[in-house]
Amino acid sequence: MQATVALNRGELRRYIARVQDRWRLEAAFLGGAVLADERGAPPQRERGPEYVVVLVSDAYDQVPWLERVYTAGSLWDALEMGEPAEVHCYTRAEFSRKSVSMPAVREAVWQGLDLLKQA
């Protein structure tokens, strides 16, 4: 049986603060296996990424996609959180398309944790 990682809400708030120091966020969501574990998902399942972070900011409009993802990903403290995160960074227009077309993004939005409300 795999040990589960506890969801560190304090570090999630610090992460969002670090991201917001660089870009004003319109939305931020957390999904992934760790959140599913916390909500009682059965251990015998395909886990997928431990953390999926979806960040939405119109400030990304002038930032190349790879630079956004690299920077936002480098702000994630994998040691503190117990695992790395799969980070998605979109403008509002990109987000409206990706939240329909990408299952990981859609799940983080529909079933995940709203990180701006948690902050």
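Please find, within segment 92-110, the residue that is surrounded by the fewest Cβ atoms within 10 Å (Cβ to Cβ) out of those that are in contact (Cβ under 8 Å) with a residue 40 or more places away in the chain and of a type in the set (A, V, I, L, M). The selected residue is ALA104.
Taken over segment 95-119, the criterion of being under 17 Å from ARG18 (Cα atoms), modelled with pLDDT of 95 or more and not in a helix (DSSP H, G or I) is satisfied by ASP114 alone.
The condition (being buried (at least 19 other Cβ atoms within 10 Å of the Cβ), at pLDDT below 95, of a type in the set (A, V, I, L, M) and closer than 24 Å to TYR70 by Cβ) is satisfied by just one residue among LEU55, LEU35: LEU35. For residues that are surrounded by 15 or more Cβ atoms within 10 Å (Cβ to Cβ) and farther than 24 Å from TRP110 by Cα, scanning just segment 58-74, find the one that is farthest from the chain's Cα centre (by Cα). Ranking the qualifying residues of segment 58-74, first place goes to VAL63. With respect to LEU55, is the statement that it is touching a helix residue (DSSP H, G or I) at 6+ places or on another chain (Cβ under 8 Å) and under 21 Å from LYS98 (Cβ atoms) true? For LEU55, the condition - touching a helix residue (DSSP H, G or I) at 6+ places or on another chain (Cβ under 8 Å) and under 21 Å from LYS98 (Cβ atoms) - is met. When LEU30, LEU113, LEU79 are checked against the criterion of being under 18 Å from LEU7 (Cα atoms), without any contact (Cβ under 8 Å) to a residue 12 or more places away in the chain and of a type in the set (A, V, I, L, M), a single residue qualifies: LEU79.
ALA28 meets the conditions (1) aliphatic (A, V, I, L, M); (2) surrounded by 19 or more Cβ atoms within 10 Å (Cβ to Cβ); (3) at pLDDT below 95 in every case but one. The failed one is (3).
The values are calculated or read from the model by the stated rules, or taken from the named source; none is laboratory data. No experiment lies behind these values; they were computed from the predicted model shown. Don't worry about glycine lacking a Cβ; one is built from the backbone with ideal geometry, like all the others, and counts go over all protein chains shown.
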